[in-house]
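Take a look at the structure below.
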Amino acid sequence: MQPQTGTARQEATLKEKSLRVLETLVPGTPANNISFAFAVPGLLDPDAAQAALDLLVRRYQILRTVFDEADGELRKRLLETVRVMVETDEYDPQDVSATLDAYAARPFPVDGSPLLRLGLFRGPQGDIVCLVVHHLVFDTVSTSIFVEEFTQAYEALRAGAAVPGALLVPVPATPEVAPRDTSLDYWRAQVRDVDSDALNLWCGRPDLAQPTLTGGQLSRLLSAQAREGIRRLEKRLRAPEAVIMLAAYGLLLARHGAGLAVPLADEPARPADLVIGTPVNVRPPDAPRAIGYHINTVPLRFQVDLEREFADLVARARGVFFEALARADVPVDHLLPEVSRVGGGWRTTLFRHMFNYVPAGGLQPFDLDGMRATPIGVENGASKFDLEFFILSTAEAVRVRAVYYAEVLDRDEVELMLERYDALLVALADDDGTAMGELDVFAPRDRAAIDAANDTAAPVELATVLEAVAVRVAAGPDLVACRDDERTVTRGQLWHAAERTRAALAGHGVSAGDVVALAAPRGPELAAAVLGVWLAGAAYLPLDPDHPAARIAYQLADAQARAVLVAPGVSLPDVPVLPMVACTDEAAVPRQAVLPAAAECAYLIYTSGSTGRPKGTRISHRSLGNLVQYFAGQLDAGPDDATLWLTTFAFDISALELFLPLVTGGRLVPAPDETRTDGAALAALVQRHGVTILQATPTSWRLIVDDLAGTLGGRRVLCGGEPLPAPLAARLAGTGCRLWNVYGPTETTIWSTSGEIGTPAPEVVDIGRPIANTEIFVADPYGRALPIGLRGELCIAGDGVALGYHERPELNARRFGDHPEYGRFYRTGDVARWRIDGTLEVLGRGDRQIKLRGNRIELSEVEAVLADHPEVKAASVVVAGDPGADGILVAFLESAAGPDLAEHAWRLAAERLPRSWMPQDVVVMDALPSNVNGKVDTLALTRLAQQGRVRGDVTAPASQEPADETIRLLLTLWRELLERADVTPDTHFFVSGGHSLLAAQLVQRIEGATGVRLKLADVFVNPSPAELAALLRGKK
């Protein structure tokens, strides 16, 4: 290139400056490069090609217009003369696309150099010409003009003939037309109140803070059925093809979440508020063949009311489309200041998606000097928008070319969107007035993968767990049912205790349909008590004796428990109880008895509630039997297996550990409480008893996996109850065990999905597929099933769905529903998506319910309890840190009472909340921060909470160490575990960052240092070094 002197520099227009902005944000991006290429089956004359290029550069002033920058301002000027040299190179027939794409992706320096280049690539199959031009001086309409005139000039020069006179006429740069005031007023009204946050799709990823503009592209030839559908829609709706395909694109985007705001409770469905960009040719009537940047992108805003039929959308789209054509003199860059920018991102606030209708299919094959020239697609590897559909339509075919931003959308996601677009066009043509929200947007691949995953129907051979256990007992009453370090209990002995339990309950007036509460450590007596409750026709209610007395009292009253069975040493304050029957040497075999029906309630279990009180879930015998039978097969569990009973009985997953060995004829191995956090002790127990099946939450596995690493090889391991981090999955799978990641809420009977994890473990851990007789769908905010890749609420149907919440009709109506395809289902509140292989990925909670160290916690329930304190005006609880690792609950209280309120409020919560739900830090403030909507600003509180954790690691104030040796020891342990130096004898362990797992470590360290074994409950009752020291002195 040989730039020469030219006219004086002048300031670039706003439209031109806007193009340059992206190159400033992403230096070296080719996002503004426009390219095209064609191949001929022979050799071209390089001299004639150079001469033809010279002629066109001389003819068009815009091709001699160059840009540079000074003091941050973009300037332009016209060069009087310039020569752009044809670049000659060779290509490999096996690598043509890569060669051309690399040529097209080479950025232009904005330094006063010409903004075009032409390459002549030579190879054994003929020559290829590739032209690359910067968008500042070119657009896609310019392509056909350039090719036509290049062909005429080349052929004349090649033949030694005179160049057509029209090609010798200079063409001045066509100036940009100033926007009309009426057009500006129209567009300002159009874009007013656009919610740019709502434009994102339910698929893909959040954009990077620093954009790359890395793009990808896919192309799909529409099916014959889709093309025929378009023709039928044109006739029926009396709309041109461009409008039909624009409306269908809008519907596709809306069904993928664009423009759809999540409805509030009991709020009717709202139309999707869409904004789609589209380029419009704004060449003036007197210069229809002007080469240059003569495209204005305009924002098409229209509503997609999914409760109406497609004809309504076509009418809206047609009106907006033709209005836009009439007012296309306003480039979108003039409208950006009219829309509030959310988040300070780089992209336009008006739209994320583009629609580009290219009549006649763009550049078509043509003749060049006696050879047939065939256009070749060339990509510059960049994208300015999340997704752009180019509709290339000819009489013979319609091709959709999708260009996408690869940092946001994956290739598979875009490929499926193209397939759904085709399927949607077919469905629309066959539609007889169905609401658009009811139309099937699934592509055949969506349907095949999801249907295959949900093909789970299987016969349930055991009607109830009790019946299956009875069969095992009758077949081998002398075989071992339960074994721990202290004793061995046979099946017959277990059944004898169950029979005695039934008799005791009957004597107490318990009958079919009643609820019996159970409070005992894991062991044979508890197992026998469960069987005895069932023999009495009742359902059991598991209690944790370590829960606050007020919570236990609430559960017993709410459940209307007819009786409470407790083990020796277990006390429940102010509750009349019956002693649990002990397992003795006496044995029995099942006799003819009336067994509970499969549809009756097997157990009632309480979990967190959003109103400040727990909610009870009723699970049927059929649901429990289906679960146990599935995992018996999945784990290949049999009489030779020993299953560890590790989980606390009040956590529903404990039921699988209890019933799996009793049903399959294996051995039940109860584990002491301390093994849940002491990996060495658990490893020794596993080896002593030959345990082959283990289950725990990710939090528990994280604490113990290192000590068990040499023990798990060859064993079967379940991990569930909270998200399984990929590093932990890799650590567990690397031990040589067979590992399953399992998922399910209490309301669908423990586990609803299961997926085996191999080695190497995946970077993103899925939750597998539905278990037997279970179907899953991912729903949009209005309950419509979503296809692969779209985020929505995970809903579970099938045999595992609970009977419902106990005495909570309003909650039942909200959380349980009936689906026309899947039947009765439960809304989990978890955000999930189907993956292309038919597995499911859970992405987090859709409400304020969280999982912290394996415990499901409703933050609003914790807040409701704290707000009950008379001096607390308002309470907000947030998580600081990683919920699956070091996360803690931090409570913020609005009160004028001062910092002393923190401990009083904590003690109130300790009386009513499970220990795992207790805030580890309590902050009292005059007023809670609020956002612009007048709601508590939880994001601001989360930042404060995290900063508070950092500030906690400060230097302790100068003070004299206490003389008491025990207090000094505890101060050291407090500082180490809480990772803070500002600890005094009165520092409250749980208000200063401690939680139940840290308290368990504290108990172990105290035992190691003093030889005194404390209970976890002792730390909760005596949470300061001074109080705990007094207790220790009394025990020595």
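Each reported figure results from applying straightforward, stated rules to the coordinates on display, with no laboratory input. Everything numeric in this text was worked out from a predicted model, so none of it was measured. For neighbour counting, all protein chains shown are included, and Cβ atoms are generated from backbone atoms with ideal geometry for every residue, glycine included.
Contact order for the chain, expressed relative to its length and based on alpha carbon pairs under 8 Å spaced 6+ residues apart, stands at 8 percent. Residues Ser383, Ser916, arranged from fewest to most other Cβ atoms within 10 angstrom of their Cβ, appear as Ser916, Ser383. Stokes-Einstein diffusion of the range 2-168 at 20 °C, 1.002 mPa s viscosity, Kirkwood radius from Cα pairs, rounded to a whole number: 127 µm²/s.
Beta carbons within 10 angstrom, averaged per residue: use that to sort the peptides 713-720, 227-234, highest first. Walk me through the numbers before you get to the answer.
Numbers: 713-720: 19.9, 227-234: 18.0.
In descending order of packing, they fall as 713-720, 227-234.
Qualifying GluC sites (Glu not before Pro) in the range 363-445, where qualification requires a DSSP coil assignment and no more than 10 other C-beta atoms within 10 Å, comprise Glu396.
From its DSSP helices (H runs of at least four residues, each -39,500 (n - 2.57)), the chain gives a residue-normalised ellipticity at 222 nm of -10000 deg cm²/dmol.
Here's the list of lysines a cross-link from Lys1015 could span, going by alpha-carbon distance under 19 Å and ignoring same-chain residues fewer than 8 apart: Lys1035, Lys1036. Only beta bridges with both residues in the range 857-943 are counted; by DSSP, about 60 percent of them are antiparallel. Shape of the range 857-943 from its Cα gyration tensor (a ≥ b ≥ c, root eigenvalues): rounded if a/c is under 1.5, otherwise prolate when a/b > b/c, or oblate? Verdict is oblate for the range 857-943. Find how many whole Å separate the alpha carbon centroid of the range 472-494 from the alpha carbon centroid of the range 39-78. First find each Cα centre; the distance between them is then 90 Å. In terms of its C-alpha gyration tensor, the range 965-1035 has a rounded overall shape, because the principal axis ratio a/c (a ≥ b ≥ c, square roots of the eigenvalues) stays below 1.5.
The modelled label-to-label distance for the pair Glu73/Glu965, using points 7 Å beyond Cα in the direction of Cβ, is 8.2 nm.
From the C-alpha gyration tensor of the range 166-318, pull out the three semi-axes of the equivalent ellipsoid (sqrt of 5λ each), sorted largest to smallest, in whole Å.
Details: eigenvalues 210, 100, 72 Å².
So the equivalent ellipsoid measures 32, 22, 19 Å along its semi-axes.
Bridges between two residues of the chain, per DSSP, are antiparallel at a rate of about 70%.
With +1 on each Lys and Arg Cβ and -1 on each Asp and Glu Cβ, how big is the dipole of the chain about its Cα centre, in debye rounded to the nearest 20?
Values: 100 positive and 134 negative charges, 102 e Å.
So the dipole magnitude of the chain works out to roughly 480 debye.
Dipole magnitude for the range 2-168: about 520 debye, using +1 per Lys or Arg Cβ and -1 per Asp or Glu Cβ, origin at the Cα centre.
When only Cα pairs below 8 angstrom with a gap of at least 6 residues are kept, the range 857-943 shows a relative contact order of 30 percent.
Counting only the Cα atoms, the range 464-620 fills a convex hull of 111 Å³ per residue. Peptides 758-765, 784-791 ranked from most to least packed give 784-791, 758-765, packing being the mean of other C-beta atoms within 10 angstrom over each peptide's residues. Cα-Cα pairs above 18 Å in the range 386-511: how many percent? Percent of Cα pairs beyond 18 Å in the range 386-511: 76.
Compute the acute angle (0 to 90°) between the alpha-carbon long axis of helix 411-430 and the principal axis of greatest extent of the alpha-carbon atoms of the chain; round to the nearest 10°. Roughly 80 degrees between the two axes. Here the range 630-644 and the range 390-455 have alpha carbon centers that stand 43 Å from each other.
Starting with the fewest neighbours, write out Asp706, Asp830, Asp305 ranked by other beta-carbon atoms found within 10 Å of each beta-carbon.
Asp706, Asp305, Asp830
Taken about its Cα centre, the range 583-709 carries a charge dipole of about 580 debye when Lys and Arg each add +1 at the Cβ and Asp and Glu each add -1 at the Cβ.
Using alpha-carbon pairs under 8 Å, 6+ residues apart, how would you state the relative contact order of the range 464-620 in percent? It rounds to 27 percent for the range 464-620.
For Lys851, go through the lysines and keep the ones whose alpha-carbon is under 21 Å away, minus same-chain ones fewer than eight residues off. The qualifying lysines are Lys615.
Once the Cα atoms are used to define both axes, helix 901-912 deviates from the longest principal axis of the chain by about 70 degrees.
By the gyration tensor of its Cα atoms, with a ≥ b ≥ c the square roots of the eigenvalues, what is the shape of the range 286-434: rounded for a/c under 1.5, prolate for a/b over b/c, or oblate? Don't skip to the answer; put the middle values down first.
Working: a/c = 1.41, a/b = 1.16, b/c = 1.22.
Judged from the Cα gyration tensor, the range 286-434 comes out rounded (a/c under 1.5).
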